[in-house]
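S.K.: My structure is below; once you've seen it, I'll send some questions.
The values are calculated or read from the model by the stated rules, or taken from the named source; none is laboratory data. Nothing here was measured: the structure is a model prediction, and the numbers come from that model. Cβ coordinates were reconstructed from backbone atoms using ideal geometry, including for glycine residues, and neighbour counts include every protein chain displayed. Calculation scope for accessible area: heavy atoms of the full protein, side chains included, ligands and nucleic acids excluded. Shrake-Rupley method; radii C 1.70, N 1.55, O 1.52, S 1.80 Å.
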4 protein chains.
Amino acid sequence: MQHSTIPPLRITVWNEGIHERTEPGVAAIYPEGIHGAIADGLRLLLDGDPVIRTAVLADPEHGLTEEVLAETDVLLWWGHIAHDQVSDEVVERVQRHVLGGMGLLVLHSGHFSKIFTRLMGTTCSLLWRNGAERELVWNVNPAHPITAGIEGPLVIDKQETYGEFFDIPTPDDLVFISSFSGGEVFRSGVTFTRGRGRIFYFSPGDQAYPVYYHPQIRRVLANGVRWAAQTAAGRTPPAVTNPSRGWFQDSPA
Amino acid sequence: MQHSTIPPLRITVWNEGIHERTEPGVAAIYPEGIHGAIADGLRLLLDGDPVIRTAVLADPEHGLTEEVLAETDVLLWWGHIAHDQVSDEVVERVQRHVLGGMGLLVLHSGHFSKIFTRLMGTTCSLLWRNGAERELVWNVNPAHPITAGIEGPLVIDKQETYGEFFDIPTPDDLVFISSFSGGEVFRSGVTFTRGRGRIFYFSPGDQAYPVYYHPQIRRVLANGVRWAAQTAAGRTPPAVTNPSRGWFQDSPA
Amino acid sequence: MQHSTIPPLRITVWNEGIHERTEPGVAAIYPEGIHGAIADGLRLLLDGDPVIRTAVLADPEHGLTEEVLAETDVLLWWGHIAHDQVSDEVVERVQRHVLGGMGLLVLHSGHFSKIFTRLMGTTCSLLWRNGAERELVWNVNPAHPITAGIEGPLVIDKQETYGEFFDIPTPDDLVFISSFSGGEVFRSGVTFTRGRGRIFYFSPGDQAYPVYYHPQIRRVLANGVRWAAQTAAGRTPPAVTNPSRGWFQDSPA
Amino acid sequence: MQHSTIPPLRITVWNEGIHERTEPGVAAIYPEGIHGAIADGLRLLLDGDPVIRTAVLADPEHGLTEEVLAETDVLLWWGHIAHDQVSDEVVERVQRHVLGGMGLLVLHSGHFSKIFTRLMGTTCSLLWRNGAERELVWNVNPAHPITAGIEGPLVIDKQETYGEFFDIPTPDDLVFISSFSGGEVFRSGVTFTRGRGRIFYFSPGDQAYPVYYHPQIRRVLANGVRWAAQTAAGRTPPAVTNPSRGWFQDSPA
């Protein structure tokens, strides 16, 4: 058997954290917060003693200081009703870290977060309906690392409906497509590259339903974290260079 | 207004043509054959007096002689129960023309045709069920020429169900995604480039339902033909070259 | 022959317009401005009496009022030393029109323009060197409409060198790759979709060399304009919808 | 530190093995064969005691029996002058394993191998010239696992020149672009998905030059093997299914 020594993954789960404080129904589903449920799932499924933090909007600097981001291999982002309360300074900081190689998982209503729309360049708008419909999540990319161990479809008995047209750039990889009882379809799992960073958007997950306890949803998130992580990479965004002719002759062979 | 002079499109609609001869129910829906219904739709929607031929399996050389292909800008392909009766010689000829720039639209059960599987390199297998379910065809690419004039979803009241996993290479463009009453999803409109040729696979359309009379399905096929056509291009597949250093200095400026 | 009636293309060529006023060498190459040379090339090659305007930074609202954009099918953008003088209000307006379906061609040093970096979400940084090196532009996508009539390579005797890593998102289509005498390579022709709009970035073209008079460069720009134009489309960016279940049953068949 | 227990990678390096037996110059460079040099490089760079076999054309069934392939996570393929001597039966077997999830690295002149052209569906033709030119291999995808630890450009002092147009389908990921002293460019590192399998084509490497001893070329091959391997996956190519409506309700939650 192979025994490799790799530094443990460092993960930060960020959550707006408002629904849980203001809506008893949500608090009942997520007593530790949505971030707590997500962190629990990752702890369960990721080998190698990952370092998992959580942070919320109400924390100073939203809990996303330069120091925290510098120690984060992959950031997960859940937000919904307070996107505009996220400070532009923190958004720029997160963008810089993503371009420098930090992985980013954007979840559910995070499609409208400042960080996601800024990285996409589009409206990221979509069709939605809150009808407690059944969502089926189909794996259309069985060779992709994010679908390892996932047979389709994942069945989510009750969910908010998201539908096309989802205004995102053409993704690098289309991983999952969802259908809903009402007939809508949605590109529910898509990846992007921005700078040196890897981004995975995954739509299942809503404050009103216990989606983040679903074993296969947890598996997808764990796979996504592993896929997005680049433990060995530096954290320098690409920058302009102006080298003289033949500069590469001094490169190491 | 702009008056441009472009040679008329030359289109060949190929159909296996067996269901219509052996099944009265199919003959009742498609008295002129599936190819006849498709050709009628194209005649209705394409400006500029296109030259539209049809050809069937039973024709000599399946109606796809070197001469016919040389005069075809776009070939449409419908087949189902007799893929193995298509001669390898004709398949190689069609492949050569596609690589040389002829457009190809592969329809419905044509996913299992020799020409499609050969151009894809995969099994092109899928999930299917004949349950007369409702198909909804969603436009996920509103900037694509094939969706011009198409608002989604197209509603097809009764259809054969096709579902994922559809074993095709990653398409160049994902244009349509279908859902079915049973909950399945399918990448129902996808494009590929092979050599100099453009390929569009579009799944709606079955011998048991009058799908090829659906006005919006006809619109998609007409758009697909226009998108796949390269009237000005030659018909030479890419080939190995072995030029001497600096050969391009003689290129026209 | 086919006689179709299509409304004429409406094109706006935007140029910063500073080099030509402040540097005699540039004024000597481009007496009508870079925008003038580009507009001349398009007039020469586009059939159907296109309506071609030009606009520059110094114009009120940079010449890009709501009215002008509403009457523009494709906008070309050349900028270099004054990106930060472009008002954010105009940039947002242009972005809205692109997302709504206006075509956009971004040229050369426009890679660092506000509008391009905002649509990309990355730094758009690159390697550069001003060494009057020879650029070869290779066609790696002979089936693409933008390469119609273009055999490779295009030979540009003297050019500014652009090299990888070019920090852009994965393009929808890679069309051209350039090499330079110094050995660098650059993805010099790439396309993107954002919202309903089509974007083409094409790097050849610098204020210090007469690149925009090169017949094949002009051909590429004319092809790019035709590819990016959607004359029949509306101009509405994608937006959130919240329809009730079964809303599409009223769609036209 | 993280200690994970993963079964060791199982790798088979396949080589035609003719140049080394018939040309003293090649034998001098590759005394253990091209396959031997490649295997040595992988042994040096891959942790976890990988199981590395080699096989050559002259072996019974070319050394690629059902048993060998069933025990192979990743197959590397080098061939040049004897592509037509590879039996169709073995090619079909390899294709089946790739579609079922075996990784495949196709090297240099393997672009014309039966297995590669069959998986691509195109001619896979290219421009070539044997002029001992310098090749520069540029990393255009710094977020890709295959470029981990690779700063560009790799400098190969003498190489056979490969140039565009390279007649392959649009790759899933473009990883490397090469330039040559003569000015040609080539998409020298590209990935594809076929069925459940991952494919990496990497062009540097020729029998006449000691490219497979180059430390960074070896790094790329090791990265490619890790990227293509799916140790946990089964080995079943996608196949048609015909389930009854609602079949997925019995899926595990």
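S.K.: List the distances, in nm and shortest first, from the label point of residue B:25 to the matching label points in every other copy, placing each point 7 Å from Cα along the Cα-to-Cβ direction.
M.R.: Result, one decimal in nm: 4.5, 6.9, 7.8.
S.K.: Counting helices only, and only those DSSP H runs with n ≥ 4, report the 222 nm mean residue ellipticity of the protein assembly as shown as the sum of -39,500 (n - 2.57) divided by its residues, in deg cm²/dmol to the nearest 500.
M.R.: Details: 28 runs with 248 residues, N = 1012.
Value at 222 nm, helices only: -7000 deg cm²/dmol.
S.K.: Binned at 5 Å from 0, what are the whole-percent values of the Cα-Cα distance distribution for the range A:17-160, short to long?
M.R.: With 5 Å bins starting at 0, P(r) equals 2, 8, 14, 20, 21, 19, 12, 5, 0.
S.K.: Could you give me D for the range A:129-203, from Stokes-Einstein at 37 °C and 0.692 mPa s, where the hydrodynamic radius is the Kirkwood radius over C-alpha pairs? Units µm² s⁻¹, please.
M.R.: Once the numbers are plugged in, D ends up at 255 µm²/s.
S.K.: If exposed means no more than 16 neighbouring beta carbons inside 10 Å and the site is in a DSSP loop, what's the longest run of chain B without any exposed GluC sites (Glu not before Pro)?
M.R.: The longest such stretch corresponds to B:152-253.
S.K.: Moving on. Quick check on the protein assembly as shown: of the DSSP beta bridges with both residues there, what percent are antiparallel, nearest 5%?
M.R.: 55 percent
S.K.: Relative to the Cα centre, what is the charge dipole magnitude of chain D, using +1 at the beta carbon of each Lys and Arg, -1 at the beta carbon of each Asp and Glu, and rounding to the nearest 20 debye?
M.R.: Charge dipole, chain D, about its Cα centre: 600 debye, nearest 20.
S.K.: May I pose another question? Could you work out the mean count of beta carbons from other protein chains within 10 Å of each residue's beta carbon in B:113-122?
M.R.: Partner-chain Cβ atoms within 10 Å, mean over residues of B:113-122: 4.
S.K.: What are the distances, in nm and sorted shortest first, from the label point of residue B:6 to the label points of the same position in each other copy, with each label point placed 7 Å from Cα along the Cα-to-Cβ direction?
M.R.: From this label point to the equivalent ones elsewhere in the assembly: 0.5, 5.1, 5.1 nm.
S.K.: For chain A, build the charge dipole from Cβ charges (+1 Lys, Arg; -1 Asp, Glu) around the Cα centre, then report which of A:199, A:106, A:68 sits farthest towards its positive end.
M.R.: Result: A:199.
S.K.: In terms of solvent-accessible area of protein heavy atoms at a 1.4 angstrom probe, what is the ranking of A:247, B:14, highest value first? If you can, show how the numbers build up before the last one.
M.R.: Numbers: A:247 75, B:14 5 Å².
These residues rank, largest area first, as A:247, B:14.
S.K.: For B:75, A:9, give the ranking by accessible area with the largest first, probe 1.4 Å.
M.R.: A:9, B:75
S.K.: Also: Once label points are set 7 Å from the Cα along Cα→Cβ at both residue A:32 and residue B:249, what is their separation, rounded to one decimal in nm?
M.R.: Spacing of the two 7 Å Cα→Cβ label points: 7.1 nm.
S.K.: Work out the mean other chain Cβ neighbour count within 10 Å for the residues of A:180-193 and drop it here as an integer.
M.R.: Counting Cβ atoms of other protein chains within 10 Å of each residue's Cβ and averaging gives 5.
S.K.: Rounded, prolate or oblate: which fits the range A:161-253 when a ≥ b ≥ c are the square roots of the eigenvalues of the alpha-carbon gyration tensor, with rounded for a/c under 1.5 and prolate only if a/b beats b/c? Please report the intermediate quantities before stating the final value.
M.R.: On the way: a/c = 3.84, a/b = 2.27, b/c = 1.69.
Note, shape of the range A:161-253 comes out prolate.
S.K.: While we're here: Rounding to the nearest 20 debye, state how big the charge dipole of the range A:76-127 is about its Cα centre with +1 on each Lys and Arg Cβ and -1 on each Asp and Glu Cβ.
M.R.: About 120 debye.
S.K.: So how far, in whole Å, is the C-alpha centre of the range C:98-155 from the one of the range D:86-120?
M.R.: A separation of 35 Å, based on Cα centres.
S.K.: If ligands, DNA and RNA are left out, what is the accessible area of residue C:174 with a 1.4 Å probe, given in Å² to the nearest 10?
M.R.: Its accessible surface works out to 30 Å², give or take rounding.
S.K.: Just read off the accessible area of residue C:124 with the full protein assembly in place, 1.4 Å probe, to the nearest 10 Å².
M.R.: Counting only protein heavy atoms, the figure is 0 Å².
S.K.: From the phi angles alone, apply the Karplus equation (6.51, -1.76, 1.60; θ = phi - 60°) to the range B:36-51 and give each ³J(HN,Hα) in whole Hz, x where the residue is Gly or Pro.
M.R.: Calculated HN-Hα couplings, in order: x, 5, 5, 4, 4, x, 5, 4, 5, 9, 8, 6, x, 6, x, 8 Hz.
S.K.: Could you work out the percent of alpha carbon pairs in chain D separated by over 35 Å, rounded to a whole number? Intermediate results must be reported in sequence, preceding the final value.
M.R.: Values: 4408 of 31878 pairs.
Beyond 35 Å sits 14 percent of the P(r) for chain D.
S.K.: Counting only Cα atoms, I'd like the Rg/Rh figure for the protein assembly as shown, Kirkwood definition for Rh.
M.R.: 0.94
S.K.: Hey, another quick one. If one computes the Cα centroid of the range C:183-253 and of the range C:17-31, what distance in Å separates the two points?
M.R.: Between the Cα centre of the range C:183-253 and that of the range C:17-31, the gap is 29 Å.
S.K.: Residue C:157 versus residue D:66, label points 7 Å from Cα toward the beta carbon: distance in nm?
M.R.: Each label point lies 7 Å from its Cα, and together they span 6.7 nm.
S.K.: Please give the solvent-accessible surface of residue C:134 in Å², to the nearest 10, using a probe radius of 1.4 Å with every protein chain present.
M.R.: Surface open to solvent at residue C:134 totals about 60 Å².
S.K.: Around residue C:80, what is the net charge, scoring Lys/Arg as +1 and Asp/Glu as -1 over all other residues with Cβ under 14 Å from its Cβ?
M.R.: Local charge sum for residue C:80: -4.
S.K.: Step through the table entries D:114/D:158; A:158/C:114; C:158/D:158; C:114/D:158; C:114/C:158; A:158/B:158, compare each Cα-Cα distance with 32 Å, and write down the pairs that go over it.
M.R.: Among D:114/D:158; A:158/C:114; C:158/D:158; C:114/D:158; C:114/C:158; A:158/B:158, the Cα-Cα distance tops 32 Å for A:158/C:114; C:114/D:158.
S.K.: Residue C:213 to residue D:132: FRET efficiency via 1/(1 + (r/R0)^6), r the Cβ-Cβ distance, R0 30 Å, to the nearest 0.05?
M.R.: Details: r = 37 Å, r/R0 = 1.24.
Once the sixth-power term is evaluated, E becomes 0.20.
S.K.: So the label point sits 7 Å from Cα along the Cα-to-Cβ vector; using that for residue D:48, what distances do you get to the other copies, in nanometres, sorted shortest first?
M.R.: 1.0, 5.5, 5.6
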